Structures are given as structure tokens and as C-alpha cells.
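Remarks on the structure that follows.
The values are calculated or read from the model by the stated rules, or taken from the named source; none is laboratory data. Owing to the predicted nature of the structure, the values given are computational and were not obtained by experimental measurement. Cβ coordinates were reconstructed from backbone atoms using ideal geometry, including for glycine residues, and neighbour counts include every protein chain displayed. Side chains are part of the model used for accessible areas, which takes the heavy atoms of the whole protein and leaves out ligands, DNA and RNA. Shrake-Rupley method; radii C 1.70, N 1.55, O 1.52, S 1.80 Å.
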Amino acid sequence: MSFRSALRAKVPPIHTYRSAALFCLLFFIGHSTFAATLPSIVDEASGLTRSPQHVGVYWTHNDNINLPASSKKGVPLLFAINADGKLLSTLKLDDVRQRDWEAITHLDLDGKPTLVIGDIGDNRGTWPDYRLWFVPEPVALKTNITQRPTALIRFRYPDQAPAPRRQGGYSGGHDAESLVFDAQNNEFLLLTKREKPARLFAIPLASRVNLSDRKPISAQEKKAAVVTARFIANLPTLPAPDLVSWLLHPFTSPYADQPTAMALAPDGRLLAILTYSAVYYFYRRANEDWHAALQKPFASVSLPSIDQWEGASFSADGKNLIAVREGLGERTIMTLPAPEPAQ
């Protein structure tokens, strides 16, 4: 008998089932435990990455001024925080339009700690291509800093089709909120959100275009070549991590298991995929590619509540996963212990 069949065999009649599910929902919400609260300026947290050079520091950002798929201009800001939610620094990207920022990651670029912001959100699937912005991480975390990005990647998906009558000449875009840099393969990993199954793509670091500080970025952006992301694998169906989550699934489907962020551990082997309701961990063994590693999660854990969790990062030692969610108020950042895979 399968695991699901075993569970069904123990499920009582439907009216009892619904009552039990409602009780579990109330219990689940009432026993939420969170680490801290983000500063009020971070009211739409949509990405998180640890600092590549400042111990205990993380970078986050808002999305596009609470207007999904909007073309209105917002102020492109990054916020340095600690795991307790304390605001340490604000970094403004000069001469950059914030279209729909949904993710941030980091890497060492030619010896310089660098942050990479993913302008990859597309709720309506209408953008002809997408952006990765490279900005050097400040050496000193001052109150207000302004910097220009130093490089850019423009990309689109392999299944986007030419459409001359549409803006930009391509249609069939995809919404994504998950981005990490895989130093082992020197490429970015990107996971789509609003598809079943979600799909993992790769974009090589070598496709970046360096930006001159002597010319307007908008003019350089328009001339930058658009590369095509490489398909890697479909994300498998994400199973309910526990009995309570399985009971609640009819009430939360189909949105609770959408991927909203990814985080890659410092050793490059443990990949965390965040959804609105749970975290799923995949482990890449030595000499294994991501297509093989993504066959099934080796561990998963329910989040304390079903909410708009949209950013995640491992701590520098890889022992904890820090997650942030959209919205104001308390309990907007939390720390979870990361599992230890069997070697």
C-alpha cells in the first residue's frame, strides 16, 4: 500500500474530515513561531540572499511598488538587514528601472563580491525578455548608498515565440521568483512559478554584458543581446510534508505549493525550494547534475503558517535557512534549521 493510500485508509467520513482539517488549520495558525520583524520600509519582501562579505548580513528588496506586472516606476532599492530584521543599510541602484524584482543572489565576480537582482517577475506572462542586474556589494554598510550596476544579462525562455505585433516582438513569457547562482557550473539557476510542473532553467554567467559608466544604462540595455535560457528539468510534484499539510491541501490548492524562492547552500550541494506553505530540500551528490538531483526532495518541512513567503537564503555556515515574507507587521522573517543530508 502506498503512503497516500495508507493515509486515505485512515481518513474518516467527509464531514469528519472537513472538521478535522478546519481544526488543523486553526491549530496551525495559532502555533506559528517566527524569529523577527522586518523594518517597515521592507513591506513587499520578494527576495533574500546572504552577504558575500559581511558576516550575519542579508540583502532583500521589495517588488514593484505593490503593482504586479505594472510598468510604473518605483525606486530601485536594496536593503541590508540581519537575521533579527534590523536595517543596516540602503542601497539605491542608479539609472535602473525596477520592473518586477522577485529574487536576489550573489557571487564573487572577478574578485569582487557582487549582488545580482532578478527582474524576472511576470504575473501576466507578457514581457518579451527579462533582466539580471549586477551591482558590487558595498564594502561599508552606510545608511544610504547609491551605485550603478556594472553588468547586465537579458534573457528569454526557449519556448517564447516571435510576435511582431506585441511589444518587444515576443510573446509567451513566464513568471519566476526563484534565482540562485551555481558556482560549480558558473551559471544562474531559475525556476518558474505559475506552471505545473515548474521548470528549472540555466543562464551562463558568461552571457553577461559589462556596462560602461560613461553612457546611460537605458541605452546600453536596449543594445544588449538577449540570450536564451537552457532548460534543465521539470520540478517533480511536491508532496505534502506532513499529515496536517495533506489534510489542508484541498483548502489551499493550487497556490500553496507554487515555488516562490530558491536558496543554495554555501557548499553548492543543498538546494532549498520555498513555497507559500513549505520548504523542500534537494541534495546534489558529487558528480550529479541538477536533473538527477531534482528527481524527488529528500526532506521537507511545513512553514508555521501559509503566507506570502517569497525570499530565502542559507546562513553562511549552511546550518540555517532564513525566509522572509511580503507584508507589514510582525513575524515577517524567520530562521529554520537546515537538514543534514546523509553523505
Inset, instruction - Could you provide, to the nearest whole Å², the per residue accessible area of the stretch 71-184 with probe 1.4 Å? - result: 41
Legend entry - Mean projection area, nm², convex hull over Cα of the stretch 75-156: 6.2
Inset, instruction - Evaluate 2.2 N^0.38 Å with N set to the residue count of the stretch 237-343, then give the Cα radius of gyration divided by it. - result: 1.06
Inset, instruction - Provide the per-residue ³J(HN,Hα) series for the stretch 261-266, in order, calculated from phi with Karplus coefficients 6.51, -1.76, 1.60 and θ = phi - 60°, each as a whole number of Hz, with x at glycine and proline positions. - result: 6, 10, 9, 10, 4, x
Inset, instruction - Convert each backbone phi in the stretch 183-192 into a coupling constant with the Karplus relation 6.51 cos²θ - 1.76 cosθ + 1.60 (shift: θ = phi - 60°), then list the ³J(HN,Hα) values in order as whole Hz, x for Gly and Pro. - result: 5, 4, 9, 6, 8, 8, 9, 10, 10, 6
Legend entry - Using θ = phi - 60° and Karplus 6.51 cos²θ - 1.76 cosθ + 1.60, couplings along the stretch 134-149 (whole Hz; Gly, Pro as x): 9, 9, x, 6, x, 6, 10, 8, 8, 4, 9, 10, 10, 9, 8, x
Inset, instruction - Report Rg/Rh for the stretch 128-200, rounded to two decimals, where Rg is the Cα radius of gyration and Rh the Kirkwood radius. - result: 1.07
Legend entry - Listed peptides 269-281, 142-154, 43-55, 79-91 by packing density, highest first (mean Cβ within 10 Å): 269-281, 43-55, 79-91, 142-154
Inset, instruction - Report, as a whole number in µm² per second, the diffusion coefficient that Stokes-Einstein gives for the stretch 115-170 at 4 °C and 1.567 mPa s using the Kirkwood radius over alpha carbon pairs. - result: 96
Inset, instruction - Compute the convex hull volume of the Cα atoms of the stretch 126-264, divide it by the residue count, and report the result per residue in Å³ as a whole number. - result: 178
Inset, instruction - Would you mind computing the Rg to Rh ratio of the stretch 97-144 from its alpha-carbon coordinates, Kirkwood style for Rh? - result: 1.08
Legend entry - Nonlocal amide H pairs with Gly47, under 5 Å, H built at 1.01 Å: His61
Legend entry - Total charge dipole magnitude, the stretch 113-239, about the Cα centre, Cβ charges on Lys, Arg, Asp, Glu only, Debye to nearest 20: 440
Legend entry - Nonlocal amide H pairs with Asp307, under 5 Å, H built at 1.01 Å: none
Inset, instruction - May I ask you to compute the full-extension gain from Thr228 to Asp242, defined as 0.36 nm times their residue separation minus their alpha-carbon distance, rounded to one decimal in nm? - result: 1.2 nm
Legend entry - FRET efficiency, Asn123 to Thr143 (Cβ-Cβ, R0 51 Å, nearest 0.05): 0.95
Legend entry - Residues with amide H under 5 Å from that of Ser171, placed H, sequence gap 5 or more: Ala161, Ala163
Inset, instruction - Please calculate the 1.4 Å probe accessible area of Lys296, with all protein chains present, and give it to the nearest 10 Å². - result: 150
